[in-house]
Amino acid sequence: MKVLITGAAGRLGRLVARRLLEDHEVVGLDTSAWPGRPREITLHRADLRKKSTDDVLRREQPEAVVHLASLRHVFDERLRHDVNVGGTRKLLDLCAKHGVRRLVVLSSSYVYGALPENPFYMAEDTGLSVSRHYPEIRDLAELDTLASGFLWHYPEVATAILRPASVLGKRSPSTMSGYLQLEVSPTVMGFDPMMQFIDEEDLARAIVRCVEQKARGVFNVTGGAALPLHSAIRIAGGRALPLPEPLCRALIGMMFRLGFAPAPSDAVDFLKYPCTIDGRAFREATGFVAEHDLLQSLRSVRG
Amino acid sequence: MATARPPRALPLRPEEISGPIDRLAGLAFDALGPSYLRDLAREIDEAISRAPLELNALGYDPWGFQRDVARRCYLIMALMYRWWFRVETRGLEHLPAGRVLLIGNHAGQVALDAAMIGAAGLLEANPPRLIRGMGEYWLPRLPWIGLLMVRSGSVVGTPKNCIDLLEHGEAVIAFPEGVRGMNKSWTERYQLQEFGLGFMRLALRTRTPIVPVATVGSEEQAPSLGSFAPLARLLGMPAFPLVLTPIPLPVRYHLEFGAPMWFEGDPDDEDRVIEEKVEEVKEKISEMLAAGLERRTGIFT
C-alpha cells in the first residue's frame, strides 16, 4: 500500500515513516528537508497551502494519508492558523478528490482543555473546550473539528482522528517533553494534576496500526497509568518550582517569549487541572496497548 | 480500565517518590508524634492496605488518591470521628462488597458528614472501604483544598467520574440535596431538601445498589441564618452561609447505614418515573433520620 505522510520530516513523521517502510511504500510531504532519510522514501518538498500539494497527490495516488503536519507554539498566530486550519482543510479536500481510502489525522488530547470540572478519563464525546482558556491553540480544536466533519461526510474513507496524551521522547520537541526538559519547571502552588503520557514510539505504532487496520473514528490514545505532575517532573530528573499562580503565569509567559518555555502562559491551566483521557475505545477498536514503560520514558526524556 | 493500569514494577528511588520536605515531615512525625497519634496512624495505614485499592508504584490510584497524603487526611478525620463528634455508627454490615452508591442527607455548612462517613468506612467497615466523595465543581479551583480532596480519594462530582468509579467496583457517596441541603439554615434542620435525580439514573445505568445513609448530628453542628447570596456570587462560591459558630459544635454524630436498595428500569426514562424511585430512597432516609432522632438522648450526648 502506498502511504503519504504530511510532516514526514518532523520528529513523529520520521518515526512513522520508518515503521511504515517495513511493509509499505512511503511518500513524504514536508516543507523541510530530511537529510539522511532511507533511500526508499520519496520526500516531496511542498507546502500544504500551495497548489504543489495537489500535484503530489495526483502524481502519487496514495491509498492512505497520514496527516501529521501542523505548527505548534510559534509566535505568528496567523501563520499557524493558515497552516493548521487552512492547510488541513485543503488536504481533506484533496483526499476526497484523489480517492484516498484511509486517512489518519493527528490531533491532541489538549483539545479537551484543562478545566477544573474535567472528569478523569474523558471519553471522545467530551466537548472541545480548549479555546475557553487557551485561545492560542484553538486552531488545534478547529483542525480536529474539520477532520471529524470529514469523517462523517465521507463514510467510504476510513478516517481515524487520534487525540494522544502528552508525547514523551528523548530530547523530543513536544510541548510536555520540552517542559520536562527544563532545568527548573515552574508549577502552580497548591495544584498537582494527574497527567497522562505516551511514548513517541508507541504513538507511531498507534498511527501505523490505524493505517493497517483501516480504523475509523475519533480515538483517545494513551500510554500507561496517570501520574501527578510533580512526580513526573521528579522522575524526569528535573526540579519543580511551585509559585503562586500569577507569578507562574508571568514567568512562563516570559520564558516562552525568550524561547525557553515550550508554551505560553495560558498553558498554565494544564499545570493546574487534569486533562486525562479514557483510552478504552481505541484499545477495543484496534487492540492497541502501549509497550513502552512510562517510568523509563520519563527518565529518558532529558536525554 | 486501560487507563488505570499501574506501570510495570520498576524500582523507584526515594527522591522520585516524594520531595525532601515530605520525607522530613514523615520522619519527624514517626519519631516525635504522640503515641496515641502514632497508633491511630498505624491503624489507618493498616486499613488503607487492607482496603480494595489499586495503587501504582508511587502509591497513587487512577483517580489521584495517594496513600501517604490520604493517611494524613484520614488521621485528622479519625481524630474528629473519635474525639470531637464521638460518632456512633450502625448498619455498616449492610455495605455490600463491590460497587455501591451511598446516598445521604447533607447538612452542616461544611461537608464533615462526608468526612465522617468516610472515616467510618475506613475505620469500622470490614474489610475497610475507601468511600469516595463527589465534590462540588468549584472545589478543584481552590489551591491545596482541591488537591487534598483528590489525594484523599474524592473526585469532582461529574457523571463520568461516578460511572467510572462504580464500574471499577468502588463505593461512592453522593448527597442529592447538594448545597441546598448542606447550606440550609438552622430552622430547616432535618428537613430533607429537593433531591437531584442524577444519582438514580447513574445507579440504573451501572446496576449499582443504593445504600441509604442517615446522619444525625451534622444538622446541628453549625447553626446558620441562611446564605448571603450576593457575597457567594462575588466569591464564586455556591453559597455563603451566615454561620453563628466559628468552628463546628461538638455534637454527637449518629450514622446509620440502611439495607441496600436495588432498582431496575431505563436510566433515560422520564423524570416522573425516576422521581418515584428517588422518592423511595428519600423516604427511607427520612425514616432513618426520624428513628435516629428518637433514639438519641440529646444533641451532645
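Which of the residues that make up segment B:55-92 are more than 14 Å from chain A (Cβ to nearest Cβ) and touching a strand residue (DSSP E or B) at 6+ places or on another chain (Cβ under 8 Å)?
B:87, B:88, B:89, B:90, B:91, B:92
Please determine, by comparing only the residues of segment A:189-245 that are among the charged types (D, E, K, R) and part of a helix (DSSP H, G or I), which one is nearest to the other protein chains (Cβ to nearest Cβ).
A:234
Here is a yes/no grid of residues against (1) touching a strand residue (DSSP E or B) at 6+ places or on another chain (Cβ under 6 Å); (2) at negative phi; (3) crowded, with 19+ Cβ neighbours inside 10 Å:
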| residue | (1), (2), (3) |
| --- | --- |
| B:114 | yes, yes, yes |
| B:121 | yes, yes, yes |
| B:124 | yes, yes, no |
| B:127 | no, yes, no |
| B:138 | no, yes, no |
| B:141 | no, yes, no |
| B:156 | yes, yes, yes |
| B:165 | yes, yes, yes |
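Kindly list the number of the only condition in (1) aliphatic (A, V, I, L, M); (2) assigned to a loop (DSSP other than H, G, I, E, B); (3) open to solvent by 60 Å² or more (accessible area, probe 1.4 Å) that fails for residue B:76.
That leaves (2) as the condition not met.
What residue, among those in segment B:150-169 that are within 12 Å of chain A (Cβ to nearest Cβ) and part of a loop (DSSP other than H, G, I, E, B), is farthest from the chain's Cα centre (by Cα)?
B:168
Here are some conditions: (1) in a loop (DSSP other than H, G, I, E, B); (2) open to solvent by 40 Å² or more (accessible area, probe 1.4 Å); (3) within 11 Å of chain B (Cβ to nearest Cβ). Residue A:260 meets all but one. Which one does it not meet?
(3)
Can you report the number of residues in segment A:114-169 which are open to solvent by 20 Å² or more (accessible area, probe 1.4 Å), of a type in the set (A, V, I, L, M, F, W, C) and in a helix (DSSP H, G or I)?
Residues that pass the stated criteria total 2.
Within segment A:76-98, restricting attention to residues that are surrounded by 15 or more Cβ atoms within 10 Å (Cβ to Cβ) and among the charged types (D, E, K, R), which residue is farthest from residue A:62 (Cα to Cα)?
Taking the candidates together, the pick is A:80.
Could you tell me whether any residue of segment B:247-256 is touching a residue at least 12 places away in the same chain (Cβ under 8 Å), in contact with a strand residue (DSSP E or B) (Cβ under 7 Å, 6 or more places away or on another chain), under 27 Å from residue B:119 (Cα atoms) and hydroxyl-bearing (Ser, Thr, Tyr)?
Checked against the condition, which is being touching a residue at least 12 places away in the same chain (Cβ under 8 Å), in contact with a strand residue (DSSP E or B) (Cβ under 7 Å, 6 or more places away or on another chain), under 27 Å from residue B:119 (Cα atoms) and hydroxyl-bearing (Ser, Thr, Tyr), segment B:247-256 yields at least one hit.
Name the residues in segment B:211-254 that are open to solvent by 50 Å² or more (accessible area, probe 1.4 Å), of a type in the set (A, V, I, L, M, F, W, C) and assigned to a strand (DSSP E or B), would you?
Result: B:225, B:242, B:243.
The values are calculated or read from the model by the stated rules, or taken from the named source; none is laboratory data. Note that this is a predicted model, so its numbers are computed, not measured. Note: ideal-geometry Cβ built from the backbone for every residue, glycine included; neighbour counts use all protein chains shown. Just the protein is used for accessible areas: all its heavy atoms, side chains included, with ligands, DNA and RNA removed. Shrake-Rupley method; radii C 1.70, N 1.55, O 1.52, S 1.80 Å.
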